[in-house]
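A short write-up of the structure that comes next.
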Amino acid sequence: MIPIDKERCQAEKPNGQSFMTLGGGHKMIRCENKPTVIAAETNAGSDGLKGSMTMCDDCLKVAKKQLPKGFFDIVRM
Ligand SMILES: [Zn+2]
């Protein structure tokens, strides 16, 4: 388990380089915003543990679009 970091958003996002960029350069970088919420998985994983991570408003919006509804609970910090 990765401990939650209340000082910095724990989401990762693309560095802005397209997958098609010649020579690569596409990678995920850690968001540097201050988090506003804690997102906790609704259901425990196969290891029996529930994951949780902090997110800023921007990353929360992206996560809500990408993850199925009810996948995680949001707790305001
Ligand atoms: Zn973020």
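With angles folded into 0 to 90 degrees, how steeply does helix 57-66 sit against the dominant principal axis of the chain? Use alpha carbons for both and round to 10. It works out to around 90 degrees.
In this structure the chain gives 75 Å² per residue of accessible area when probed at 1.4 Å with all protein chains present. Is there a pair in Lys13/Lys50; Lys34/Lys69; Lys13/Lys61; Lys13/Lys34 whose C-alpha atoms are over 18 Å apart, and which pairs would that be? Violating the 18 Å limit, Cα to Cα: Lys13/Lys50; Lys34/Lys69. With N counted as the residues of the chain, its alpha-carbon radius of gyration over 2.2 N^0.38 Å works out to 1.21.
The values are calculated or read from the model by the stated rules, or taken from the named source; none is laboratory data. Since this is a predicted model, take the numbers as computed values, not measurements. Please note that ligands, DNA and RNA were not included when accessible areas were found on the heavy atoms of the full protein model with its side chains. Shrake-Rupley method; radii C 1.70, N 1.55, O 1.52, S 1.80 Å.
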